[in-house]
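Have a look at the structure below before the remarks.
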Amino acid sequence: MKIKNYFLIASMAALVVACGGKRGGMPNFGDDEYPVVSVETTASSSQSSYPATIKGVQDVEIRPKVAGFITRINVREGQAVKAGQLLFVIDNATYQAAVRQSQAAVNTAKAQLNTAKLTYENNQKLFEQNIIGDYELSAARNSYETASASVAQAEAALASARETLSFCYVKSPVAGLIGSLPYKVGSMVSSGSTPALTTVSDNSSMEVYFSMTEKDILDMAKTSGTAQAAIASMPTVTLQLADGTTYNHPGKVTKMSGVLDPATGSAQLIAVFQNPERLLKSGGSGSIIVPHDNVASIVVPQSCVMEIQDKKFMYTVGKDSKVKYTEIKVAPQNDGNNYVVTEGLNVGDRYVTNGITKLTDGMEIKPITPARYQQKITEQAKAMSAGDIVNAMKK
């Protein structure tokens, strides 16, 4: 029976609060008593969320340097590759012929060089015997030097032809994962082909791009001295994935763009996350969560605050027990239940916690403690008759 009475009293107390406490309302005690508390500092924490895009530390588009038909694809989508690994082979018959032609030109040039060398050496002996003059010796020397230059030119052409042939064997410049493969064997490709043959993403660690407003960046810079110092002092951040789960490795903000986007008024920041399980994929999306820890802050319940035209107000209580309609400013981040007050309240100030909708600026009240306020609610609930409860329910 005692248990039933207890639940009845609790139900009536809840009903009193629901009927009289809507939007900060208060039961009608028949007097001007309102719960009042003093402002104190307390440790607070909050967080900010920013939409983010995930990219590999290196996302390298693979494009051929020569035009031709794909004759072989040596990888599959999602495959891990090493730097220098062969990915594609492009039809190289024409380029092999160019190499052979260049090699033949080198051989011809070397033969001509040997002939010119013999002629020059023979003319030197004849010159020493005064059989020929300076003109004949100079002509032979010039022919020898011309042949030597021709060999160098032919060898350079051969090296170029071999390099062009090597372009037919498309290799990965970095280690990473293979992206999509839009082309099949037999497709005609060139350096200007769109899309690229594939993308190799180095995803051992990932860069997550997000943007912060100019105001947030200025606030950070004012606190730390410079923007770079603010970046260095930023706490570790977390990444919320597209499915709502939290990535299990923390990240660190390492870079910030030096230019604001004029269209959005924001700057881009980059946080780096290690990716040992290869869970993060380049091109993915999520949200960066930046924590804000305040060692000593003024924290007030949101139920004590009224919002009018994007401005926030509270009822503070003076020494004369009169309330004052006071504008406050709060931090943009909150936990959904409390505000961190940045302006308008000081330590030691008093404010009304309940019944704010019944107050008017300058009204004199009788301050009581929140504990006494709850006690009076319970007392009034016990004193309510069944008819009172029914009438309250009809309201």
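The values are calculated or read from the model by the stated rules, or taken from the named source; none is laboratory data. Every value quoted in this text rests on a predicted model; they were computed, and no experiment measured them. No Cβ is skipped: glycine too gets one built from the backbone with ideal geometry, and neighbour counts run over all protein chains shown. Remember, those area values only see protein heavy atoms, side chains included, never the ligands or the DNA or RNA. Shrake-Rupley method; radii C 1.70, N 1.55, O 1.52, S 1.80 Å.
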What residue among T246, T108, T198 has the largest mean-square fluctuation in a Gaussian network model of the chain, using Cα springs under 10 Å? T108
T226-R63 pseudo-label distance in nm [points 7 Å out on the Cα-to-Cβ vector]: 3.7
Entries of K222/K252; K215/K322; K222/K281 with Cα pairs more than 26 Å apart: K215/K322; K222/K281
Which residue, L181, L126, L86, has the most motion in a Gaussian network model of the chain that connects Cα atoms within less than 10 Å? L126
In the full protein assembly as shown, how much of T236 is accessible to a 1.4 Å probe, in Å² to the nearest 10? 90
Eligible aspartates and glutamates near K319 by straight Cα distance, threshold 14 Å, same-chain separation 8 or greater: D349, E364
Only one of the listed values, (i) 22.7; (ii) 25.4; (iii) 29.7, was derived from the coordinates as Kirkwood radius over Cα pairs in Å; which label is it? (iii)
Between the DSSP loop rule and a limit of at most 11 other Cβ atoms within 10 Å, which trypsin sites (Lys or Arg not before Pro) in the range 125-232 are left? K184
Rounded to 10°, Cα long-axis angle of helix 214-224 versus longest principal axis of the chain: 90
In the range 312-377, the trypsin sites (Lys or Arg not before Pro) that fall in loop regions by DSSP, at most 12 other Cβ within 10 Å: K319
Just to be sure I understand the model, the point goes 7 Å from the Cα along the line to the Cβ. What's the resulting E121 to A263 distance in nm? 7.3
Can you give the accessible area of S287, probe radius 1.4 Å, in Å² rounded to 10? 30
As an exercise, identify the GluC sites (Glu not before Pro) in the range 66-138 lying in DSSP coil whose Cβ has no more than 11 other Cβ atoms within 10 Å. E77
State, as an integer percentage, the relative contact order of the chain based on alpha-carbon contacts under 8 Å between residues 6 or more apart. 29
Given charges at beta-carbon only (K, R positive; D, E negative), |dipole| of the chain in Debye: 1220
